[in-house]
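Beneath this line is the structure, given in structure tokens, with notes to follow.
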Ligand code: GCU
């Protein structure tokens, strides 16, 4: 189920209180930069401090601070401190928080064209994905499409790597093994349809609730990358990892459009340059982080097994036809696929 407007508002109000308690973050009181005349941008993240996204975003902030002589800096709030992603998106839209990392499915809820990059098999691998999503010819209109309606500008993204299925109950080798199981998905129609295509019953849930969801049996299965499997400690409660590689996921960096418009031309250029360095660093960190996550999860008792990938592809392939329903979606899909060839 998607969050309703009412739940989003309630959550946003709760977070506004948290923000007030955090003191608004406009000064350098915490030593993170953004001097007396500087502006510190609060960035909502749902990952831990050991996750590559946190590391790359922290470095983004330091580079920006230095390049703008303290006029702009970034304060990264990890672990859903400012709220889960649906809520963080709403907070960026209304300007209570300046920036956030949100997963592709969240933006699909505001503009259905974003669904294209959330589909299984649209990206072959991380390199292909990064080349598409940072090509302004392909994504320029898409990334500006939320400015009028939601005051949100999309700046590009970080890979989530290949996502696979993991369960509390045992290894999965074909979709039949998921029949009737409750599978956590991100809050999106496509991802609900994806779990259903696998034969599972879909349970949309915020990321931060998933550990308890798996532990308590509210859900029996989930899907994510190895880095999240490890950093969220999901392997402790759902130790059977099955290498489905069913899609290469995508996180977007978003910023409130009015805040972005406040930057001078010079500062905006420094911001763009620092962001490019940050997503490039993230891609480099990703491979190592994945290997380390596998080793650490295995040491913690997780098992990893191969699956019949063709059996998964066969049930997931029809989703593209079902969810690509207009010309702009088709154009995005064609451009993404053309970049792979
Ligand atoms: C990944 C991704 C997050 C997302 C999460 C999820 O960890 O990087 O942005 O929220 O998956 O499944 O919810």
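Read-outs: derived from the displayed coordinates by stated rules, not from any lab. Note that the coordinates shown come from a computational prediction; the quantities given were computed from them, not determined experimentally. Cβ sites come from the backbone with ideal geometry, for glycine too, and all protein chains shown count toward neighbours.
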Who wins for biggest fluctuation among 283, 68, 325 in a Gaussian network model of the chain, springs between alpha carbons below 10 Å? 325
Nearest 10, in degrees from 0 to 90: the angle of helix 52-67 to the longest Cα principal axis of the chain is 20 degrees
Please give the length that would be gained between residue 216 and residue 276 if that part of the chain were fully extended, namely 0.36 nm times their separation in residues minus their C-alpha to C-alpha distance (nm, one decimal). 17.5 nm
Round to the nearest 0.05 the FRET efficiency obtained for residue 176 and residue 291 when R0 = 30 Å and r is the Cβ-Cβ distance. 0.50
Can you put 99, 183 in order, fewest other beta carbons within 10 Å first? 183, 99
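Please find the FRET efficiency linking residue 310 to residue 62, where r is the Cβ-Cβ separation and R0 is fixed at 35 Å, and quote it to the nearest 0.05. All intermediate terms of the calculation are to be shown ahead of the outcome.
Working: r = 46 Å, r/R0 = 1.31.
Calculated transfer efficiency: 0.15.
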Within region 298-341, find all residues whose amide N lies under 15 Å from a label point positioned 7 Å from the Cα of residue 141 along Cα-to-beta-carbon. 325-336
Please report, for the Cα atoms of region 112-245, the Rg to one decimal and the Dmax as a whole number; what are they, in angstrom? 16.1, 47
Pairs of alpha carbons in the chain whose separation is greater than 34 Å (percent): 22 percent
Can you give me the distance in nm between label points at residue 298 and residue 134, each placed 7 Å from the Cα along the Cα-to-Cβ direction? 3.0 nm
Whole angstrom only: what separates the Cα centroid of region 172-227 from the Cα centroid of region 34-71? 33 Å
